[in-house]
């Protein structure tokens, strides 16, 4: 009996020694957000996360005397969102496991102050680089939203070309920032938010492979990898995915039927102004190069 009691006490002692470690492991996978807010017109706030391009709730808090507290499981740094009950706007917080302190003004979403997250600090550095480009684009498109300003097609095309140039400079700046801070989840997040649909397969795949080594468990790495896999089917040198659609006469046209020829696939829509304006140019290209083997396959949406 004495030996059993000694063994039992030893087990209790071992459990007691291990308990703090278990608690620490739990806290390492949790974010606690405590904050103060002014100007709130409602008394409830939600903590949201993006899943499959949709925001889902993680926690909620009643706002009492301008204070709130939120908690969620968070094993890795991630962009989270704070939203007032029934309100469309939200605060962005690049959260990390641990305790964060926030100071917010409900009437100024951009004025959020965050303490305790190095990832959020880095994200704010990125926004400082991006903001001038967004302001420039907003100024370019301002005349289009003014009903008193008559805009010709030529003027609209000019604005579109100018904005494309700004977007190119913005994308280059974001890419440079991402490369400089490639070990941070903020880097992969920025590519997902701003560049994922503009990057060619070679560049995207190179970045995804780097993140798989540096940030293998990040959801942003997974999203980039999934996009790279999708683009691999249409990468330069890859076999184009086959498809079949009916033509205007009801006959089925299959892309593989044109194999061995030079094929230009033109995706367009009747409601797309630039597409319609490009049609005469496509006719000229076809007339000049069809005798040399060119086929144009137009796909209308």
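The values are calculated or read from the model by the stated rules, or taken from the named source; none is laboratory data. Just so it is clear, the model here is predicted, and its values are computed rather than measured. Because the Cβ atoms are built from the backbone with ideal geometry, glycine has one as well, and the counts that use them run over all protein chains shown.
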Checklist entry - Taking residue 25 and the conditions (1) at pLDDT 90 or above; (2) not in a strand (DSSP E or B), which numbered condition does it fall short on, given that it satisfies the others? => result (1)
Next on the checklist: I'd like the full set of residues that are touching a helix residue (DSSP H, G or I) at 6+ places or on another chain (Cβ under 6 Å) and either over 20 Å from residue 122 (Cα atoms) or in the same structural domain as residue 79 (by TED's automatic domain parsing) (or both), limited to segment 152-195.
Outcome noted: 159, 162, 163, 166
Item to check | strands (runs of 3 or more DSSP E) enclosed by segment 199-301 - at least 2 residues per element that are surrounded by 10 or more Cβ atoms within 10 Å (Cβ to Cβ) and touching a residue at least 24 places away in the same chain (Cβ under 8 Å) | outcome: 262-268, 294-300
Checklist entry - Condition test on residue 127, is it free of Cβ contacts under 8 Å to residues at least 24 places away in the same chain, in the same structural domain as residue 173 (by TED's automatic domain parsing) and either in a loop (DSSP other than H, G, I, E, B) or closer than 29 Å to residue 195 by Cα (or both)? => result yes
Checklist entry - Of everything in segment 112-130 that's buried (at least 16 other Cβ atoms within 10 Å of the Cβ) and touching a strand residue (DSSP E or B) at 6+ places or on another chain (Cβ under 7 Å), which residue is nearest to residue 37 (Cα to Cα)? => result 112
